[in-house]
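Encoded as structure tokens, the structure appears first; notes follow it.
The values are calculated or read from the model by the stated rules, or taken from the named source; none is laboratory data. Keep in mind the model is a prediction, meaning the values are calculated, not measured. Positions of Cβ are generated from backbone atoms using ideal geometry, with glycine treated the same way; all protein chains shown enter the neighbour counts. Side chains included, ligands, DNA and RNA excluded: accessible areas come from the protein's heavy atoms. Shrake-Rupley method; radii C 1.70, N 1.55, O 1.52, S 1.80 Å.
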Amino acid sequence: MRQIRADAARSRARILEVARAQDAGALSLNGVARDAGLGVGTVYRHFPTVHALVEALSVETLERMLGIARAAVQNSDTQAALVAFLDNALALQLEDGGLQAVLLSPDDEEESVRAMKIEIFTAFEDVLQRARRAGIVRDDLSITQLERLICGIEHAVRIGEAGDRQLFLDIMLAGIRPPVPTVAV
């Protein structure tokens, strides 16, 4: 592994510091360079795309998400594992405005990010499969649909009231249960 020069390490840290203070959805590499007092070329050498910068900003949150995924797989209580996974995924997305973009992006800049995402989604699929077998969730519910529901709740909480988070999550959890069979009278 190549050693990073001290001045390059300082520049990278400054770029991340300035970018962290901005809205992840509105980042521009030129704007970050200006606000960091660095040349645009310096920023582009560290982060060739805005997505690469957002990934770097979200790595620690992604690592926390990986810990949540691992804990959910280890939890023998399927209902508790599913609820914890969804609740924590929502909390992390609300905390880190760039996490959603990193999780849903098909193009990862860093191999370590790709590896974490594979493990997270494999764990999520495992928990979802267990929940299907236990009759806790609908059989026709996909992981992609659950991702979109979580993203929708994140958006609703961001534009509404933070106190609505639990209500929206409870509504989603009730909605993903299998339909109750109707009895003919």
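Observations on the structure shown:
- Just so you know, in region 147-159 the residues that are open to solvent by less than 60 Å² (accessible area, probe 1.4 Å) and either hydrophobic (A, V, I, L, M, F, W, C) or free of Cβ contacts under 8 Å to residues at least 40 places away in the same chain (or both) include one that is nearest to GLN100 (Cα to Cα), and it is CYS151.
- Top-ranked residue in region 105-146 [being assigned to a helix (DSSP H, G or I) and among the hydroxyl-bearing types (Ser, Thr, Tyr); ranked as most open to solvent (accessible area, probe 1.4 Å)]: THR122
- Region 160-174, residues that are at pLDDT below 95 and surrounded by fewer than 11 Cβ atoms within 10 Å (Cβ to Cβ): GLU161, ALA162, GLY163
- Unique residue being farther than 30 Å from PHE47 by Cα and either touching a helix residue (DSSP H, G or I) at 6+ places or on another chain (Cβ under 9 Å) or at pLDDT below 95 (or both) when the list is ALA69, ALA84: ALA84
- Any chance GLU63 is open to solvent by 60 Å² or more (accessible area, probe 1.4 Å), within 13 Å of the chain's Cα centre (by Cα) and at pLDDT 95 or above: yes
A quick yes/no check of all residues on (1) in contact with a Gly (Cβ under 9 Å, 6 or more places away or on another chain); (2) without any contact (Cβ under 8 Å) to a residue 60 or more places away in the chain; (3) charged (D, E, K, R):
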| residue | (1), (2), (3) |
| --- | --- |
| ASN30 | no, yes, no |
| ALA33 | yes, yes, no |
| VAL40 | no, yes, no |
| HIS46 | no, yes, no |
| ALA52 | no, yes, no |
| GLU63 | no, yes, yes |
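- Condition met for GLU55 (more than 20 Å from ILE171 (Cα to Cα), open to solvent by less than 10 Å² (accessible area, probe 1.4 Å) and acidic (Asp, Glu)): yes
- When ALA72, ALA89 are checked against the criterion of being surrounded by 14 or more Cβ atoms within 10 Å (Cβ to Cβ), closer than 22 Å to ASP23 by Cβ and touching a residue at least 24 places away in the same chain (Cβ under 8 Å), a single residue qualifies: ALA89.
- Pick from region 22-49, criterion aliphatic (A, V, I, L, M) and at pLDDT 90 or above, ranking: surrounded by the fewest Cβ atoms within 10 Å (Cβ to Cβ): VAL40
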